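The values are calculated or read from the model by the stated rules, or taken from the named source; none is laboratory data. As the structure is a computational prediction, the values presented were derived from the model and not from experiment. As a convention, Cβ positions derive from the backbone with ideal geometry for all residues, glycine included, and neighbour counts pool all protein chains shown. Heavy atoms of the whole protein, side chains included, go into the accessibility calculation; ligands, DNA and RNA do not. Shrake-Rupley method; radii C 1.70, N 1.55, O 1.52, S 1.80 Å.
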Amino acid sequence: MKRNLLFHPVFAASLIIYLVLFALKKAEIYLPFISDYAADFLTMPVVLTLALLGIRRSRADRRNYTFPWTYVAFAVAMYAFLFEFLFPRLTERFTADPWDILAYAMGGVVFYFTVNRKRDTGQ
């Protein structure tokens, strides 16, 4: 069965929840723990799905492409470095929190074992 990554349940749910969390933040509604870590957890499934979709659509011979685990780990490491080390040192808008790194990693694992699969038939 041909499946578009934009309709993958993990991506769709992650994006919807991420947008709800963003709206709550804009409305200044704080939910302990959820407001702190859910967006970080959802970041990897959203960002990596969009990256994978771009790669798969870039060339016909990459329609079944999947990211090796090392690419997912690199994405997690880059987000951790940027958002938990570099940006907090450059501006007060960002706060370093080691638990965010765990949330990025868990989101990367969810992406790797759910969305990052070969297509059933052609795309």
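All of (1) over 20 Å from Ala73 (Cβ atoms); (2) open to solvent by less than 20 Å² (accessible area, probe 1.4 Å) hold for Tyr104 with one exception: (1).
Out of the helices (runs of 4 or more DSSP H) lying entirely within the range 6-123, which hold 2 or more residues that are at pLDDT below 95?
So the answer is 9-26, 34-58.
Residues are listed down the side, and each one gets a yes or a no for (1) more than 17 Å from the chain's Cα centre (by Cα); (2) within 16 Å of Val47 (Cα to Cα); (3) not hydroxyl-bearing (Ser, Thr, Tyr):
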residue	(1), (2), (3)
Glu84	no, no, yes
Thr91	yes, no, no
Asp97	yes, no, yes
Asn116	no, yes, yes
Arg119	yes, no, yes
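Of the residues contained in the range 17-39, none is found to be touching a residue at least 12 places away in the same chain (Cβ under 8 Å) and in contact with an Asp or Glu (Cβ under 6 Å, 6 or more places away or on another chain). Consider the range 47-77 and keep the residues that are open to solvent by 70 Å² or more (accessible area, probe 1.4 Å) and within 23 Å of Met106 (Cβ to Cβ). The one that is nearest to the chain's Cα centre (by Cα) is Leu50. For the range 32-45, a residue qualifies if it is among the hydrophobic types (A, V, I, L, M, F, W, C) and open to solvent by less than 20 Å² (accessible area, probe 1.4 Å), and the qualifying residues are Leu42, Met44.
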